[in-house]
Structures are given as C-alpha cells and as structure tokens.
Amino acid sequence: MSSVLLTAALAVAAYHVWSRLAQYSRQPEPGTPGASALARAQELRTPLVRLATAVGIPTRAARLADRYEAGGRGEQRVAALLAALEREGWTFLYDRRLPSGRTNIDILAISPRGHIYVLDAKVMSAAWMVAVDGARLWHGTLDITDRLDGLMRGARAVTSLLGTRPEPIVVVDGRLASREYRLNGARIVQAADICAVLRRLDAERMPRQRRANFPNVAARLLPPYTGR
C-alpha cells in the first residue's frame, strides 16, 4: 500500500513540475504586444531555471524573467485599452525594431487624421506614486528620469525613417500623481486615460494627408523586434 501511495505522490509531483514548465513553452508571436519582453523572459527561463522555479527554488534569472514578463503583460494591457481606437480607424504597430541598438518601440500609433504617436508602456508598482518634481521623473523616492531615454530614441528614429515628427507618450501602468505630465519632450499619462488623451491630442491638430499604404510602409521600415 505504501508503494502505491509513493508512486501516486511521485506522479502528482511530476505532473505539477510538468505543468509549471509547460506554461512557459508558448512562443510569443512577433509584432504582437509585449512580444520581445515575453521572449526575453523565456530566454532567461532555461530548463534548469524552470525546474528550480517549479520546485520552489528562487534564482536571479527567474526574478529578472518575472520583471520582463510583467513588462510584456503591461504592454498587452495597454494594447487591450487601445482596441477601442482600432474600431475608430486607428492603426497600431506593436514591438517594433529600430535600425540600430537594442531599443524597441512598444507601440507606434497612426491616427485616421494622419498623425503619429510613439507609446512606451511602463509597468510601475502601485505601492509608490509616479510623479514629476524638479524636472525629474520619480517613482516614490527613486529617480527614473533615464527611463525616458528609450522612448526619445524611438521618436527620433521614427522622425528619421518616416519623415514625420511623432508625439512621444509614456503610458504608466501604475499610479500617477497627476492626470498628465510633460517632461523632456515626452507626455506622461495614466494607462486608463490613453484613449481619451490620444483622441484629444489628435483633435487639436490639423489633419495630415498620408498615402493609404503609409501603415504598410511604417511596418516595413520598423519590422517586429523579435523573429530576426
């Protein structure tokens, strides 16, 4: 009887380990929200790291993978919010690669009125408020101003490649102390407000004529970051 129980226990344990490993096996589709962050999380979760996680052993690689995965899931949440604008004729290109460097563009938004916006989704713990003070961006007491650098590089690359100057916007998945901030050329808004902000900004600008295939041109010049 004891051998039967032991066999059953081992089978249950093996199934539990297999289930924990299987949840990381699906590859993110290139050009989808959060694809490169989720792909990086999978790279960090080597078979040995996955096994350690499955049996409850913490590792540095697993913690880093968790951060990448949280970022990728945050980008997916922002994309879900933007679905309302897609129904209004907006085009969104996700997780796009720049010609050089390791920086990616989380979201390139193209409005029906011909304007372009570069969106950078930032997942911030709700335990601390995100605010601008003294020309610096803070998350609680942590100065995170340098986290705007990638967004601004992406905006400059879009200007160079597409011949148009986009509006750079940080989309905060967390708690923002004010409804909106401006800092170093970027606009900083709450994720829940992103659709309203984009509608307002677009309505304030004169329409621009762009070729009907402009989204296809943008997609070709800024290909998906993953799947290289």
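Is it true that ARG187 is at pLDDT 95 or above, exposed (fewer than 15 other Cβ atoms within 10 Å of the Cβ) and either β-branched (Val, Ile, Thr) or over 30 Å from GLU43 (Cβ atoms) (or both)?
Numbers: at pLDDT 95 or above: yes; exposed (fewer than 15 other Cβ atoms within 10 Å of the Cβ): no; either β-branched (Val, Ile, Thr) or over 30 Å from GLU43 (Cβ atoms) (or both): yes.
Spelling it out, it is not the case that ARG187 is at pLDDT 95 or above, exposed (fewer than 15 other Cβ atoms within 10 Å of the Cβ) and either β-branched (Val, Ile, Thr) or over 30 Å from GLU43 (Cβ atoms) (or both).
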Inspect the range 114-121 for any residue being surrounded by 20 or more Cβ atoms within 10 Å (Cβ to Cβ), at negative phi and hydroxyl-bearing (Ser, Thr, Tyr) and give the result as yes or no.
-> yes
Quick count over the range 137-166, residues being in contact (Cβ under 8 Å) with a residue 40 or more places away in the chain and assigned to a strand (DSSP E or B), is 1
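Sort out which residues of the range 187-214 are under 19 Å from GLY163 (Cα atoms), out of contact with any Phe, Trp or Tyr (no Cβ under 9 Å at 6 or more places or on another chain) and not aromatic (Phe, Trp, Tyr), and write them in order of number. Explain how you work it out, then say what you get.
Start the filter on the range 187-214 by keeping residues that are under 19 Å from GLY163 (Cα atoms), which leaves 202, 205-214.
Retained after the next criterion (residues that are out of contact with any Phe, Trp or Tyr (no Cβ under 9 Å at 6 or more places or on another chain)): 205-214.
ARG205, MET206, PRO207, ARG208, GLN209, ARG210, ARG211, ALA212, ASN213 - these are the residues of the range 187-214 that are under 19 Å from GLY163 (Cα atoms), out of contact with any Phe, Trp or Tyr (no Cβ under 9 Å at 6 or more places or on another chain) and not aromatic (Phe, Trp, Tyr).
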Looking at ALA155, ALA192, ALA219, which one is out of contact with any strand residue (DSSP E or B) (no Cβ under 6 Å at 6 or more places or on another chain) and hydrophobic (A, V, I, L, M, F, W, C)?
-> ALA192
If you check VAL171 against the conditions, is it of a type outside the set (D, E, K, R), modelled with pLDDT of 95 or more, out of contact with any Phe, Trp or Tyr (no Cβ under 6 Å at 6 or more places or on another chain) and not in a helix (DSSP H, G or I)?
-> yes
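Does ASP173 satisfy being farther than 17 Å from PHE92 by Cβ and in contact with a strand residue (DSSP E or B) (Cβ under 8 Å, 6 or more places away or on another chain)? Walk me through how you get there before you give the answer.
Details: farther than 17 Å from PHE92 by Cβ: no; in contact with a strand residue (DSSP E or B) (Cβ under 8 Å, 6 or more places away or on another chain): yes.
Against the criterion (farther than 17 Å from PHE92 by Cβ and in contact with a strand residue (DSSP E or B) (Cβ under 8 Å, 6 or more places away or on another chain)), ASP173 does not qualify.
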Taking first residues from the range 74-100 that are of a type in the set (S, T, N, Q) and modelled with pLDDT of 95 or more and second residues anywhere that are surrounded by 13 or more Cβ atoms within 10 Å (Cβ to Cβ) and in a strand (DSSP E or B), the pairs with Cβ under 8 Å that are 6 or more apart or on different chains are THR91/ALA109; THR91/ILE110
Out of the range 167-192, which residues are free of Cβ contacts under 8 Å to residues at least 24 places away in the same chain, of a type outside the set (Val, Ile, Thr) and within 14 Å of LYS122 (Cβ to Cβ)?
-> ARG187, GLN190
Would the range 53-61 turn up any residue that is modelled with pLDDT of 90 or more and either in contact with a strand residue (DSSP E or B) (Cβ under 7 Å, 6 or more places away or on another chain) or not in a loop (DSSP other than H, G, I, E, B) (or both)?
-> yes
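The values are calculated or read from the model by the stated rules, or taken from the named source; none is laboratory data. As the structure is a prediction and not an experimental result, all values here were calculated from the model. Cβ coordinates were reconstructed from backbone atoms using ideal geometry, including for glycine residues, and neighbour counts include every protein chain displayed.
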